[in-house]
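K.L.:
Could you have a look at this structure, given as structure tokens, before my questions?
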Amino acid sequence: PTRVSQSVLCMFRDQEEAETVVDDSSKHGGRLRTFPHERGNWATHVYVPYEAQEDFLDLLQLLLLRARASVPSLTAMAEFHISLSQGVILRHHWISPVVQSLKEHLASFPRFTCRADRVTIYTNDPKSRTFIGLEVTSGHSQLLELVSEVDRVMEEFSLPSFYKNPSFHLSLAWCVGNLSEELESCLQELQEIVNRFEDSSYLVRIPGAEVRCKSGKKIFSFPLR
């Protein structure tokens, strides 16, 4: 998980006292929270959304059917996106200025289209979760430029910037634990499913028409020009 810089921790010291909550991983599929659950902490994330259509979900089911033969515990993602930031935490009164700064930095960014069609296996930093994703194979440079704008906002508020040399991708499914070897064993078959699927070349095109920032349950949208 991301370590929050000392300056951010100082930013969060206000009159509101933290509410201690015992994290029960059984309530969210065995996953552990990235951040301590404290009253007033808003988990925040910037991303390009992908609205999955029925055909894409059909492709996902075919991929899951094969992948679950190797890893039965795989769970499909509830929503789909390409991340442009790490997950960070904000106090409630910092959400508005961060959102306003994102709006200003993204206002003139042109729309684009990227393509995600290479099946890739990922693990999170502590190796506690494994993901099947579709890696971006075109549109990488535009996504890097978007990240550059988002990073400027993060730096403005002393928040962590995005990973260096990122592998932009659309996560499809996840499981608890490091099961990358098990999934790598069927990687070629998963790729063949994508390659053979009818209209797959259309389904893996992701319109970069807007950027979203999710903070807690609030979602802010920034249409691109």
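The values are calculated or read from the model by the stated rules, or taken from the named source; none is laboratory data. The structure displayed is predicted, hence computed values, not measured ones. Counting neighbours? That spans all protein chains shown, and the Cβs are built from the backbone with ideal geometry, glycine included. In case anyone asks, the SASA skips ligands and DNA or RNA and just uses the protein heavy atoms, side chains included. Shrake-Rupley method; radii C 1.70, N 1.55, O 1.52, S 1.80 Å.
K.L.:
Carbon-plus-sulfur fraction of the accessible area of segment 43-223, 1.4 Å probe, in percent?
P.N.:
With neighbouring chains kept in place, the figure for segment 43-223 is 50 percent.
K.L.:
Quickly rank 183-195, 130-142 as a protection proxy: mean count of other C-beta atoms within 10 Å, highest first.
P.N.:
The densest-packed peptide leads the list: 130-142, 183-195.
K.L.:
Arranged from highest to lowest average of other beta-carbon atoms within 10 Å per residue, in what order do the peptides 80-92, 61-73 appear? Don't skip to the answer; put the middle values down first.
P.N.:
Details: 80-92: 20.5, 61-73: 15.2.
Ranking, from highest mean packing down: 80-92, 61-73.
K.L.:
Per residue, how much accessible surface does segment 62-156 expose to a 1.4 Å probe? Answer in Å², no decimals. Mind dumping the intermediate values first?
P.N.:
Numbers: 4330 Å² over 95 residues.
For segment 62-156, the per-residue accessible area is 46 Å².
K.L.:
At q = 0.14, 0.18, 0.22 Å⁻¹, what base-10 log of I(q)/I(0) does the Debye formula yield for segment 59-207 when every alpha carbon is treated as an equal point scatterer in vacuo?
P.N.:
-0.77, -1.10, -1.35
K.L.:
Then there is this: Quick check: Cα centre of segment 50-127 to Cα centre of segment 162-191, how many Å?
P.N.:
Answer, in whole Å: 13.
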